[in-house]
Structure formats: structure tokens, C-alpha cells
Amino acid sequence: MSLSTDLKELLISKGATGVGFANLKGIKNVPNDMPNGISILIKLSKEAIKSIEVKGKKEYLKEYDNSYPILDELALKGEEFLKNKGYKAYALTKERVSVPDNKITLIPFKTVATRSGLGWIGKSALFITPKYGSAVRLITILTNAPLDFNKPITTSLCGMCRICQDNCPADAITGLTWNPKLERNDLFEYKKCLNVLEELAENEFHNPNVKVCSKCISVCPNTQRYVEK
Ligand code: SF4
Ligand code: SF4
């Protein structure tokens, strides 16, 4: 068995839903000494996604919060596995990644995941998988290990759909179809979204720190297919 197969089996056995391997050449901020990436994906439960449409979004918020330590643990397991094989590896855990105000991190996990062949970026700027829609969360490991790269996804499968755009209460989704040359800001106006998130924090959650809408996750037909199955 190859290193990639062994690592994938390990991560799946520890709870990952999907794992992909990427050549990160040409992606900004990827360190020269660790030019390869591993994208780890976990799915969110159907119940959590359904609760996005229920006032308070209790299940969704709980599962979202709980997913951070799960993702961190998976990525650290992968890092440990690769280091034990003599390679450099660095898990981009919550603690190690700083998230700026505009929420665009130095090495976006979604970019690594498209390069890993796990899905595409929707018109909503969310990461979309064929099987779970956008009901997923991601984490990344950087490494110099020789991996069996997956075929990158470079084309959107959104087609003529514009459901997320039509349902966005902030009118934040521009409607452009993703390709790897577009930036997140071409697809989505974060400031408009943030206005709605702040309104929800005040009126729905009564907590200035809970800024969550996620309607674009819930309404996507790819997510709905998973939820209704
Ligand atoms: S989270 Fe809500 S406001 Fe923000 S883009 Fe998605 S649907 Fe629009
Ligand atoms: S709702 Fe439609 S346009 Fe928006 S991300 Fe999903 S498939 Fe793409």
C-alpha cells in the first residue's frame, strides 16, 4: 500500500468523511519546504443542517463548534503519521491559523480541497461536494511527503442554478460562476453578509458573538439532496 492510502485509511478510521491529496504549486503562501497538501473533510449531520432554518439554529451551532476539535485532532493525527515516516508536516489547526476580519486565511482550506479533487466552490463561495453539498467542514495539512495527488477540480458544477443568490437575505452573492482564477471577493461581498450576521446576532441570538446565517448552506440543492436522502 502507498503512503497516501495508509494515511487516508488512518484518517477515515478516525472519523474523516473524505481525504484528498493536492499539489499546491502556484498557490500563494504555501511554504517552499512543504509544497503538498492534504485536505480532510468531515460532514455535518442532517439534523444540524435542518436546524439552520429553525430559530436559534441550536443543533447547527453546537455541531459547528464541536467540529473544530474533531478537525484539529484529525489533522494532528495526520501530521504525526507523516512525521513518524520522516517527512515534514504541519497541521493548520484552529490555534495555528489566524483568521483576519475578512475571514480570508493565508492558505484557504477550500482552495486546497478543490486541488485535492474533493469538490468545487459554489456561487455562494462555499465549498460544495457532490455527496454532501456544503454540509461539510475542512482542514488542511501541509507536507513535503510524496503523495498520490488527486485530480484537481477546476470547474464549477453549479450550472444555471442561482438558488443561493436568490435566497441570500443580504444580496451578497454576485452570481459569478467559480473558476480557480476568481477570488472569494468576486463571488461574494463579505461586508453585505456581515450586516445580516450582525442583525441576526442582535435579533435572533441576542449575543454579539454569534454571527451565523448559513442560509446559503441550507438552500443549496446539493446540500438538500443529502439532507433529504
Ligand atoms: S450566510 Fe446568509 S447573508 Fe451570508 S451569504 Fe450566506 S445566505 Fe447570504
Ligand atoms: S445553490 Fe446553486 S448556485 Fe448556489 S452553490 Fe449551490 S448549486 Fe451553486
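The values are calculated or read from the model by the stated rules, or taken from the named source; none is laboratory data. Nothing here was measured: the structure is a model prediction, and the numbers come from that model. Note that each Cβ is placed from the backbone with ideal geometry, even for glycine, and that neighbours are counted across all protein chains shown. The protein model used for the area step is the full one, side chains on, heavy atoms only, and it has no ligands, DNA or RNA in it. Shrake-Rupley method; radii C 1.70, N 1.55, O 1.52, S 1.80 Å.
Result for the chain in a Gaussian network model with C-alpha springs under 10 Å: among 143, 177, 17, the largest mean-square fluctuation is at 17. Full extension of the segment from residue 181 to residue 203, taken as 0.36 nm per residue of separation minus the current Cα-Cα distance, would add 4.2 nm. Label region 47-110 by shape, choosing from rounded, prolate and oblate, from the square roots a ≥ b ≥ c of the eigenvalues of the Cα gyration tensor; if a/c is under 1.5 it is rounded, and otherwise prolate applies when a/b is larger than b/c, oblate when it is not. Judged from the Cα gyration tensor, region 47-110 comes out oblate (a/c at least 1.5, b/c at or above a/b). Residues 103, 28, 46, ordered by accessible area of protein heavy atoms at a 1.4 angstrom probe radius and largest first, appear as 28, 103, 46. Choose one answer from 40, 139, 27: the residue with the largest mean-square fluctuation in a GNM of the chain with alpha-carbon springs under 10 Å. Of 40, 139, 27, the most mobile in the Gaussian network model is 27. A Förster distance of 41 Å, applied to the separation of the beta-carbon atoms of residue 25 and residue 224, puts the FRET efficiency at 0.70. Using the alpha-carbon positions of region 1-135, Rg (one decimal) and Dmax (whole number) come out as 15.4, 50 Å. Charge dipole of the chain (Cα centre as origin; +1 on each Lys and Arg Cβ, -1 on each Asp and Glu Cβ, all else neutral): 500 debye, rounded to the nearest 20. A Cα-only calculation for region 3-228 places Rg and Dmax at 17.3, 52 Å. Less than 12 Å from a label point 7 Å out along the Cα-to-Cβ axis of residue 212: which backbone N atoms in region 6-48 qualify, by residue? What the label zone holds, given the 12 Å backbone N cut-off, is 45, 48. In this simple spin-label approximation, residue 98 and residue 12 carry label points 7 Å from Cα along the Cα→Cβ vector, and these lie 3.8 nm apart. In straight-distance terms, cross-link reach from residue 83 covers every one of the lysines whose alpha-carbon lies under 17 Å from its own, apart from those fewer than eight places away in the same chain; here that gives 8. Only helices enter this figure: runs of n ≥ 4 DSSP H residues, each worth -39500 (n - 2.57), summed and divided by the residues of the chain, yield -11000 deg cm²/dmol at 222 nm to the nearest 500.
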